[in-house]
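Written out below as C-alpha cells is the structure these notes cover.
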Protein chains: 2
Amino acid sequence: MIHRVVFIGAGNLATRLSHALSAKGLDVIQVYSRTAASARNLATQLDSAYTTRPRDIKTGADAYFVALTDAGWGKVLPSIDFGEGLVVHCSGSMPLSALEKYAANRGVLYPLQTFSKNRLLPFQEIPVFVEADSKKNEKILLELAGKISDTVSLLDSEKRLVLHIAAVFACNFVNHFYTLASEILESRGISFDVLKPLIMETAGKVLEMAPPEAQTGPAVRFDQNVIVKHLEALDAFPEKKELYHIISKSIFEHQQKNGL
Amino acid sequence: MIHRVVFIGAGNLATRLSHALSAKGLDVIQVYSRTAASARNLATQLDSAYTTRPRDIKTGADAYFVALTDAGWGKVLPSIDFGEGLVVHCSGSMPLSALEKYAANRGVLYPLQTFSKNRLLPFQEIPVFVEADSKKNEKILLELAGKISDTVSLLDSEKRLVLHIAAVFACNFVNHFYTLASEILESRGISFDVLKPLIMETAGKVLEMAPPEAQTGPAVRFDQNVIVKHLEALDAFPEKKELYHIISKSIFEHQQKNGL
C-alpha cells in the first residue's frame, strides 16, 4: 500500500498528479524542485515540506514520483537514496529500464493529457498507462492509478513511446496550428474567437468519425483555385506559406492513398 | 423578403444550409447538382424539384444560393437567368465581385464551419459572415442570416479570404494531424480512442487561453532528449518524421520570438 509519497518535480504534470493523489488520501510528504518558488508553491498547496537539494530528499517514503524533464534525471536521481521505495516515473518517452540504475522497485504511471498549471481537469477522466518491474509492483500501481482515473491500462515502454509521439501530433502540433491561425487573424484585426466553434467541432467530429472521413477543405478536394489564392495571400508570411504547401500536399497524398 | 430559393450545389454545405433555411420557413423550390443522385437526394429531403442541367434552373426565385466548388462556377453560372433574384455565394475565398458578370443582385453568406453530410449540427451556433453589393441587399441578407444563426457579422471579401485561410489551419490541417496520429497508433495496434480526451482538452484549452500559452510538449520545452527519441522512432515513417521535424522547429521558433 502506498501512503507516504515524495514528488520529484513541481511542473504542470506534477502539480495535477500530486493534487489528484492527495485528494484520494495519500500523504505528499515532500516536494523537490530545482527552483525554490515552484517547490514552495506546490508544497504550500499540498501542506508538505519542500527542498531544492536532491540530497535532502527524504528517505523512507512508500513511493517517489519522478516528474522531471527527461534531461533533468541525471542531475537529480543519482543523489537520492530510494531504499525500498517504489520509484515511479511519468514520462512518455523514457523506458521503464531507465530507472534500473537508480532504484530497486520501479514503475511508470503515464497520464495522457496536456496539463496547464492553472487549468483544473477532472483527473478521473484522464487515461493512465501503467508499467512496472514486477507483478507485485504492477498490482500496486494499477490499484493506485485506479483511485485517480477511470481508464487505467497496462502499456509497455515501446508502445508508450509510440503513444507519446501520437500525442505530440494530436495535441502539441494541433495547438501550434491554432497559434498560426490566431496570428493570421491578428494580422487583419479579426478576433480568434470566431474560430472557436470550428475548433470544437473539428475535435468533436473525430469522437464519432475516423479522421480521414472527417477531412474537409480545399486540399482534400484538390481545389487548386482555392489553394492558389490562399498561397498568394500568404506571400507576406513565408513560414505559413511553406507549411500550407507541405500540409496540403500531405493531405492530398493521404486522400489518394486511401482511395477516398 | 426572401421566400422562394434555389440551391445550386448539393454538397455538405448546401445540405446543411438548405435544411437550416427550410426549417425557418423558406421554400426551397429546386436543387441543382451535376450528379443526379446528389440532386435527387437533397431535393427529396427538402420536398423540392431538382435538375442536373444548368439551363433548367428555374427563373423567378427570390434568391439563388451558390454552393459549388470555386472551380465549378464557370460551368454552371453562365447558363442561368437569375433575373432580379439575389445571388448569394457561400465561398470563403471567392470575392463578392466574382458574381458581377452573372447577376444583378449579389451577396455572400459564409458559414464558418466544417460540414459533413451525416453529422447534424445546430446551425444556430455557427458564425455566419455576410457581404452584399448594396445596403438594401445587405439588410436582406443580415435579416436572413439572423434567422439561422445567433452570430452574424458583416465581413468584406478580403478579410473573408484571411478568415478562410485561418480556418484551413485550425480545422483542415488540425484534422490531418489527427489522421497522422491515428496512423502512428494503428502501426502498433493501439486504438485511436485513447487520444480522444487529449484531443478534446487541447481544443477546450484555447477557448480560455491564447494558443501560445496553451502550448505544452517537448518542442516548446526544447527537450532535445525527447525530440531525438521521437525522430528515431519515426525512422520507418519518413513523411511523419519530416513533419515532426518541421513543426517542432516552428513551435520552438515561435516560442523564442514570443519570449515565453
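The values are calculated or read from the model by the stated rules, or taken from the named source; none is laboratory data. Everything numeric in this text was worked out from a predicted model, so none of it was measured. Quick reminder, even Gly has a Cβ in these numbers, built from the backbone with ideal geometry, and neighbours come from all protein chains shown. Please note that ligands, DNA and RNA were not included when accessible areas were found on the heavy atoms of the full protein model with its side chains. Shrake-Rupley method; radii C 1.70, N 1.55, O 1.52, S 1.80 Å.
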For A:Phe192, state whether it is crowded, with 16+ Cβ neighbours inside 10 Å and either farther than 27 Å from B:Pro218 by Cβ or more than 7 Å from every other protein chain (Cβ to nearest Cβ) (or both). yes
Determine whether B:Ser38 is of a type in the set (Gly, Ala, Ser), over 26 Å from A:Ala181 (Cβ atoms) and either in a loop (DSSP other than H, G, I, E, B) or in contact (Cβ under 8 Å) with a residue 12 or more places away in the chain (or both). yes
Does the range B:215-223 contain any residue that is open to solvent by 50 Å² or more (accessible area, probe 1.4 Å), more than 8 Å from chain A (Cβ to nearest Cβ) and either of a type in the set (A, V, I, L, M) or not in a helix (DSSP H, G or I) (or both)? yes
Among the candidates B:Leu198, B:Leu185, B:Leu207, single out the residue that is without any contact (Cβ under 8 Å) to a residue 60 or more places away in the chain, at the interface with another protein chain (Cβ under 7 Å from one of its Cβ atoms) and surrounded by fewer than 16 Cβ atoms within 10 Å (Cβ to Cβ). B:Leu207
Taking the criterion of being at the interface with chain B (Cβ under 7 Å from one of its Cβ atoms), within 16 Å of the chain's Cα centre (by Cα) and in contact (Cβ under 8 Å) with a residue 60 or more places away in the chain, would at least one residue in the range A:142-158 satisfy it? no
Report yes if A:Ser157 is open to solvent by 10 Å² or more (accessible area, probe 1.4 Å) and closer than 27 Å to B:Asp235 by Cβ, otherwise no. yes
Pick from the range B:216-251, criterion within 12 Å of A:Phe173 (Cα to Cα) and at pLDDT below 95, ranking: farthest from the chain's Cα centre (by Cα): B:Pro218
Exactly one of B:Phe65, B:Phe82 is in contact (Cβ under 8 Å) with a residue 60 or more places away in the chain and either more than 22 Å from B:Thr114 (Cα to Cα) or open to solvent by less than 30 Å² (accessible area, probe 1.4 Å) (or both), and that one is B:Phe65
Cβ-Cβ under 7 Å pairs, at least 6 apart or on other chains, the range A:105-120 side under 14 Å from B:Leu198 (Cβ atoms), far side among the aromatic types (Phe, Trp, Tyr): A:Tyr110/A:Phe129; A:Leu112/A:Phe129
Report, by residue number, each residue of the range B:225-242 that is assigned to a helix (DSSP H, G or I) and more than 7 Å from chain A (Cβ to nearest Cβ). B:Ile227, B:Val228, B:Leu231, B:Glu232, B:Pro238, B:Lys240, B:Lys241, B:Glu242
Before we move on, is B:Ala10 assigned to a loop (DSSP other than H, G, I, E, B) and open to solvent by less than 70 Å² (accessible area, probe 1.4 Å)? yes
Restricting to helices (runs of 4 or more DSSP H) lying wholly in the range A:127-193: which have 1 or more residues that are in contact with a strand residue (DSSP E or B) (Cβ under 7 Å, 6 or more places away or on another chain)? A:135-148, A:157-167
Do we find a residue being of a type in the set (D, E, K, R), at pLDDT below 95 and closer than 29 Å to A:Ser187 by Cβ anywhere in the range B:122-144? yes
Test result for B:Tyr102, free of Cβ contacts under 8 Å to residues at least 60 places away in the same chain and in a strand (DSSP E or B): no
Looking only at the range B:134-144, decide whether some residue is within 17 Å of B:His89 (Cβ to Cβ), of a type in the set (D, E, K, R) and buried (at least 21 other Cβ atoms within 10 Å of the Cβ). no
Could you please find all residues in the range A:13-53 being buried (at least 22 other Cβ atoms within 10 Å of the Cβ), small (Gly, Ala, Ser) and within 19 Å of A:Ser91 (Cβ to Cβ)? A:Ala14, A:Ser18, A:Ser33
Going through the range B:45-78 in order, the residues found to be part of a strand (DSSP E or B) and not aliphatic (A, V, I, L, M) are B:Tyr50, B:Thr51, B:Tyr64, B:Phe65
Sort out which residues of the range B:85-112 are open to solvent by less than 30 Å² (accessible area, probe 1.4 Å) and within 14 Å of chain A (Cβ to nearest Cβ), and write them in order of number. B:His89, B:Cys90, B:Ser91, B:Gly92, B:Ser93, B:Met94, B:Ala98, B:Tyr110, B:Pro111, B:Leu112
